[in-house]
Amino acid sequence: MSDAQNLPSNGLSYKQAGVDIDAGNALVEAIKPAVRSTRRPGADGEIGGFGGLFDLKAAGFVDPVLVAANDGVGTKLKIAIDTGKHDTIGQDLVAMCVNDLIVQGAEPLFFLDYLATGKLDVDQGKAIVEGIAHGCRLAGCALIGGETAEMPGMYHGNDYDLAGFAVGAAERDALLPRRDIAAGDVLVAIASSGVHSNGYSLVRKIVEMSGLAWDAPAPFADGKTLAEALLEPTRIYVKPILAALKAGLGVKALAHITGGGFIDNIPRVLPDELAADINLGAVSVPPVFGWLARTGGMNEREMLRTFNCGVGMLIAVTPGDAEQLVESLTASGEVAAIVGALTPRSGEPVTFGGKLAL
């Protein structure tokens with residue numbers, strides 16, 4: 001008699017341990033249309049294999065340098081989990097990765113996601129991945145694969161976590177920041193869509209202090225609940241910036257304003273001898289930041305080192321091209337404005353004039 005025939009008929013299954021292989025397979029089938037919608041030159045395969053393929057030659061590159069980035073969404077996920085609204089968080093995940101790629105002058109090529117949960121809900125997973133696919137379409141990159149991990153005992157209740165991985169490419173001589181960045185270069189800000197995906201541990205603490213429920217009307221956004229307003233997805237800046245780069249508009253450096261706000265992110269793209277001087281009065285501050293500052297009793301300095309305060313991306317550009325860059329970004333649907341200039345550094349790497357309109 002074989003060993004298999006000797007096994008007890010009441011033996012445990014993987015499903016009884018909390019992992020449903022059939023649900024995982026059902027999710028793969030459910031998301032295939034969303035994944036197909038992200039195809040682009042260089043990537044036209046199906047998901048479901050052991051790895052995703054990308055053809056750089058088919059994408060039109062001659063002497064490329066690959067640029068990679070990975071990120072998550074942070075505790076903004078808790079708002080999605082607590083409210084059952086999962087359709088926009090995927091765009092946040094893509095945005096946090098691809099906006100970092102464009103800062104290097106790289107065109108995002110492909111994206112992979114990682115979804116970890118205690119118990120896989122196919123409808124929830126489908127909503128998340130459809131949001132990821134939407135973000136990929138906005139960025140012009142292909143969703144070529146991913147991983148869903150069902151881990152009972154690691155995640156409890158409805159909790160889940162997301163991570164994203166993006167790879168882009170730039171021609172070797174087009175990488176940013178440029179070496180000729182100099183004092184006198186103009187700083188152009190592109191507006192954010194709100195809080196984006198940083199500072200949500202503090203946001204959630206302020207909401208708790210306010211006593212407002214997630215389904216209460218947002219005090220700073222007409223016609224939206226508090227949750228809907230705070231789940232406004234991170235804006236993806238790839239296509240308008242790529243258009244400006246291809247038009248030769250003198251872009252020398254970009255800073256993605258994420259965790260650490262103005263104070264920590266801008267110096268990351270500046271040489272040691274330069275500082276950024278920003279006129280805060282020229283920054284258009286969305287109402288959500290005024291509400292957060294007032295409700296949380298936060299001073300301007302703390303706002304500037306925690307949140308984007310209305311600026312999702314900052315661009316250093318040749319002075320003669322600044323106005324044309326603003327026009328190009330505006331034509332692409334962005335809100336952009338000149339907010340300062342680079343100066344010789346004599347102290348702090350970022351200096352401020354004026355005040356935020358909080």
(request) Have a look at the DSSP beta bridges in the chain and tell me what percent are antiparallel, nearest 5. (result) 75
(message) Suppose all protein chains stay in the model; what accessible area per residue would a 1.4 Å probe give for the chain, in Å²?
(response) 46
(request) For the chain, with all protein chains present and a 1.4 Å probe, just round the carbon and sulfur fraction of the accessible area to a whole percent. (result) 51
(request) Mind putting together the pair-distance distribution for the chain? All Cα pairs, 20 Å bins, whole percent per bin, short to long. (result) 28, 53, 16, 3, 0
(request) Percent of Cα-Cα pairs per 10 Å bin, from 0 to the last occupied bin, for segment 161-303, please list those. (result) 9, 34, 32, 19, 7, 0
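Using only helices, what value at 222 nm comes out for the chain when you add -39,500 (n - 2.57) per DSSP H run of length 4 or more and divide by the total residues, to the nearest 500 deg cm²/dmol?
-9500 deg cm²/dmol
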(message) At 37 °C and a viscosity of 0.692 mPa s, what translational diffusion coefficient does Stokes-Einstein give for segment 266-358, taking Rh as the Kirkwood radius over Cα pairs? Give it in µm²/s as a whole number.
(response) 227
(request) Measure up Lys126/Lys239; Lys15/Lys119; Lys205/Lys355; Lys15/Lys76; Lys78/Lys239 against 20 Å on the Cα-Cα distance and list the ones that go over. (result) Lys126/Lys239; Lys205/Lys355; Lys15/Lys76; Lys78/Lys239
(request) Count the net charge of all other residues whose Cβ sits under 15 Å from the Cβ of Leu249, scoring Lys and Arg as +1 and Asp and Glu as -1. (result) -2
(message) Testing the spin-label approximation: label points 7 Å from Cα along Cα→Cβ at Glu171 and Val335. State their distance in nm.
(response) 3.5
(message) Keeping all protein chains in the complex and leaving out DNA, RNA and ligands, what accessible area do you get for Leu175 with a 1.4 Å probe, in Å² to the nearest 10?
(response) 60
(request) Name the residue, out of Leu120, Leu12, Leu176, whose mean-square fluctuation peaks in a Gaussian network model built on the chain with Cα pairs under 10 Å. (result) Leu12
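The values are calculated or read from the model by the stated rules, or taken from the named source; none is laboratory data. None of these values were measured; they are calculated from a predicted model. Neighbour counts are summed over all protein chains in view; Cβ atoms, including those assigned to glycine, are modelled from backbone coordinates with ideal geometry. Heavy atoms of the whole protein, side chains included, go into the accessibility calculation; ligands, DNA and RNA do not. Shrake-Rupley method; radii C 1.70, N 1.55, O 1.52, S 1.80 Å.
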